[in-house]
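Beneath this line is the structure, given in structure tokens, with notes to follow.
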Amino acid sequence: MANTGQSQIVHWVNNKPFHGSSGATAPVTNPATGEVTREVVLADTADAQAVIEAAAAAFPAWRDTSLAKRTAIVFRFRELLNERKEELAAIITSEHGKVLSDALGEVTRGQEVVEFACGLPHLVKGGFTENASTEVDSFSVRQPLGVVGIISPFNFPAMVPMWFFPIAIAAGNAVVLKPSEKDPSAALWLAELWAEAGLPDGVFNVLQGDKLAVDELLSHEAVKAISFVGSTPIARHVYATGTANGKRVQALGGAKNHAVILPDADLDLAADAMVNAGFGSAGERCMAISAVVAVGGVADELVAKIAERAGSIKTGDGTRGCDMGPLVTAAHRDRVASYVDAAERDGAKIVVDGRQVRADGGEDGFWLGPTLLDHVGTGMSCYTDEIFGPVLSVVRVETYDEALSLINSNPYGNGTAIFTNDGGAARRFHNEVEVGMVGINVPIPVPMAYYSFGGWKSSLFGDTHAHGTEGVHFFTRGKVVTSRWLNPSHGGLNLGFPQTA
Ligand code: NAD
């Protein structure tokens, strides 16, 4: 599967590998060893056009395939994925670095969306009004858009594409997936699985590449919609360019997720949650907690409890039963470490220093251990920026109102959480906080597939979140039909605006 024996990771078109002709490539590394394991081809404009045009050619027949046949293929895909998800998890660990159990969790959360898409016939049912006017009926349908582009980030190479493509495909669209060039093999594995599930040629395609490939998806006339997930500056660019070119765009961006710990919280529960949400997947999750807001005197005890737990985390190769893997690239590791250096210079207290980690993995792996910073000021770069690494910053405040105002004045609004035993405080928080996904004593409040995933403010451009009914809405467009089955000669001339009668 996924050409795993080959040294080159290529595109996937019409249910087979496609090499393209750009000649450009990028290295793909195993972050736990630092070794370049393979290379990925990078599309030029002509390669991207070839992939998009294959999808456009496949669309009409797929659109006209019955819902029953389309969803039968999605069911089959779900069965194959469920049987073989360990294979996919191993691919994710080898290129992303996250530990195997976490990679398997990622696949399982993606699978939930596949299961949701199996029920698509129910979700695209229209309405019908008999005799809306005398002998006139009215009904609504939802139809697919055409070719849709999915552009995904490195941190969830399987789950994030799966937020979108099961629904897009079940709804009758043709898909071009442009995965991250840092971990591109998961997309190919999924493409092979679709072929095995019986998806017709050209309905699911993979375009490998970087900015050039994205630019073509944003400008090609055949592409009708773009689902993007990645950092905020690129999300903003994708949204502005795609919509200027007349496309429907949902662009999910970066995050700076705060957890508020109130004085009445169960501090053991909160400390466990902060460690899991701060250091899981080495902090490379858009729903990771990176700012811990300790309210009214809980900080000393909370910091001690987090430090104790952080000290017991085993950092190392994701295939060796460790708790936390490496960062995705050497450059990213260095960037994250530079935020810790800056925090130290700015006067934060380094309670746990991940720069000193002794990892159970390759000498040249991209290691940085769990890092805990206390007395972090809101002007420090470790607080203002999305670090996207295993660094938890503790900010101390006196009151709930101060905590809320920190969150509501932050440019991001992806996820947040509150830890408390006071139902009234929790209720007030979920009502007042300006964030798209809220956890109450739950640190990573990722909605189930039948709800929709997405943040507010600079964490999402566009008004449609991923999956759930919003996802169905995004990948279909509505049409309303008004019909009369009378002898047309009964109508007569009437230049007035249609009215019910
Ligand atoms: P990224 O923005 O660097 O890349 C995302 C995608 O955009 C990739 O496919 C990449 O090839 C492409 N890209 C990169 N530079 C581009 C450019 N100049 N023009 C056009 N396309 C370009 O993001 P990343 O580093 O892969 O992922 C991490 C980021 O994604 C973090 O900011 C994280 O918060 C965010 N993220 C957000 C969510 C969410 O749901 N909001 C989920 C996962 C990740």
message: Show the residue pairs meeting these rules: Cβ distance below 9 Å; 6+ apart or different chains; first residue within segment 10-28 and closer than 17 Å to residue 210 by Cα; second residue in a strand (DSSP E or B) and of a type in the set (S, T, N, Q).
response: 11/205; 12/205; 18/205; 19/8; 25/8; 27/37; 28/37
message: Of the residues 108, 134, only one is modelled with pLDDT under 95, out of contact with any strand residue (DSSP E or B) (no Cβ under 7 Å at 6 or more places or on another chain) and not aromatic (Phe, Trp, Tyr); which?
response: 134
message: Kindly evaluate residue 275 against the criterion of being among the β-branched types (Val, Ile, Thr), closer than 16 Å to residue 458 by Cα and not in a strand (DSSP E or B).
response: no
- line: By residue number, the members of segment 349-364 that are in contact with an Asp or Glu (Cβ under 7 Å, 6 or more places away or on another chain) and either farther than 18 Å from residue 317 by Cα or crowded, with 21+ Cβ neighbours inside 10 Å (or both) are 349, 350, 351, 361
message: If I ask for residues that are more than 15 Å from the ligand (Cβ to nearest atom), in a loop (DSSP other than H, G, I, E, B) and without any contact (Cβ under 8 Å) to a residue 60 or more places away in the chain, which ones from segment 426-480 would you list?
response: 433, 434
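Given 210, 215, which one is in contact with a strand residue (DSSP E or B) (Cβ under 8 Å, 6 or more places away or on another chain) and not polar (S, T, N, Q)?
Values: 215 fails: in contact with a strand residue (DSSP E or B) (Cβ under 8 Å, 6 or more places away or on another chain).
Unique residue meeting the criteria: 210.
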- prompt: Going by the structure shown, is residue 161 within 12 Å of the ligand (Cβ to nearest atom), closer than 30 Å to residue 220 by Cα, buried (at least 24 other Cβ atoms within 10 Å of the Cβ) and free of Cβ contacts under 8 Å to residues at least 40 places away in the same chain?
  reply: no
- request: Report yes if some residue within segment 323-345 is at pLDDT 95 or above and on the phi > 0 side of the Ramachandran plot; otherwise report no.
  value: no
message: Condition first: touching a Lys or Arg at 6+ places or on another chain (Cβ under 7 Å) and within 14 Å of the ligand (Cβ to nearest atom). Now tell me which residues in segment 272-281 satisfy that.
response: 281
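With of a type in the set (Gly, Ala, Ser) and surrounded by 11 or more Cβ atoms within 10 Å (Cβ to Cβ) as the only criterion, which of 466, 501 stands out?
466
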- prompt: Only one of (1) farther than 24 Å from residue 34 by Cβ; (2) within 16 Å of the ligand (Cβ to nearest atom) fails for residue 285. Which number is that?
  reply: (1)
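Residue by residue, here is whether (1) crowded, with 18+ Cβ neighbours inside 10 Å; (2) closer than 11 Å to residue 151 by Cβ; (3) in contact with a strand residue (DSSP E or B) (Cβ under 6 Å, 6 or more places away or on another chain) holds:
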| site | (1), (2), (3) |
| --- | --- |
| 196 | no, no, no |
| 222 | no, no, yes |
| 239 | yes, no, yes |
| 243 | no, no, yes |
| 253 | yes, no, no |
query: Which one of 134, 129 is more than 16 Å from the ligand (Cβ to nearest atom), over 16 Å from residue 11 (Cβ atoms), more than 25 Å from the chain's Cα centre (by Cα) and free of Cβ contacts under 8 Å to residues at least 60 places away in the same chain?
result: 129
Residue that is farthest from the ligand (Cβ to nearest atom) [pool: residues in segment 222-270 that are among the aliphatic types (A, V, I, L, M), more than 20 Å from residue 179 (Cβ to Cβ) and in a strand (DSSP E or B)]: 261
- request: Return the residue satisfying two criteria in turn: it lies in segment 442-460 and is buried (at least 23 other Cβ atoms within 10 Å of the Cβ) and among the small types (Gly, Ala, Ser), and of such residues it is farthest from residue 234 (Cα to Cα).
  value: 449
statement: Taking first residues from segment 247-270 that are modelled with pLDDT under 95 and second residues anywhere that are buried (at least 23 other Cβ atoms within 10 Å of the Cβ) and not in a strand (DSSP E or B), the pairs with Cβ under 8 Å that are 6 or more apart or on different chains are none
message: Against the definition (over 21 Å from the mean Cα position of the chain (by Cα) and acidic (Asp, Glu)), how does residue 83 come out, yes or no?
response: yes
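State whether one or more residues within segment 340-354 are in contact with a Cys (Cβ under 6 Å, 6 or more places away or on another chain), of a type outside the set (Ser, Thr, Tyr) and not in a strand (DSSP E or B).
Yes, some residue in segment 340-354 is in contact with a Cys (Cβ under 6 Å, 6 or more places away or on another chain), of a type outside the set (Ser, Thr, Tyr) and not in a strand (DSSP E or B).
Give me the residue from segment 328-338 that is within 14 Å of residue 354 (Cα to Cα) and within 14 Å of the ligand (Cβ to nearest atom) and, out of that set, surrounded by the fewest Cβ atoms within 10 Å (Cβ to Cβ).
Checking each candidate, the answer is 335.
Taking residue 99, is it farther than 18 Å from residue 449 by Cβ, touching a Cys at 6+ places or on another chain (Cβ under 8 Å) and at pLDDT 95 or above?
yes
The values are calculated or read from the model by the stated rules, or taken from the named source; none is laboratory data. These numbers were taken from a predicted model, which means no experiment stands behind them. Ideal geometry is used to build each Cβ from the backbone, glycine not excepted, and the neighbour counts take in all protein chains shown.
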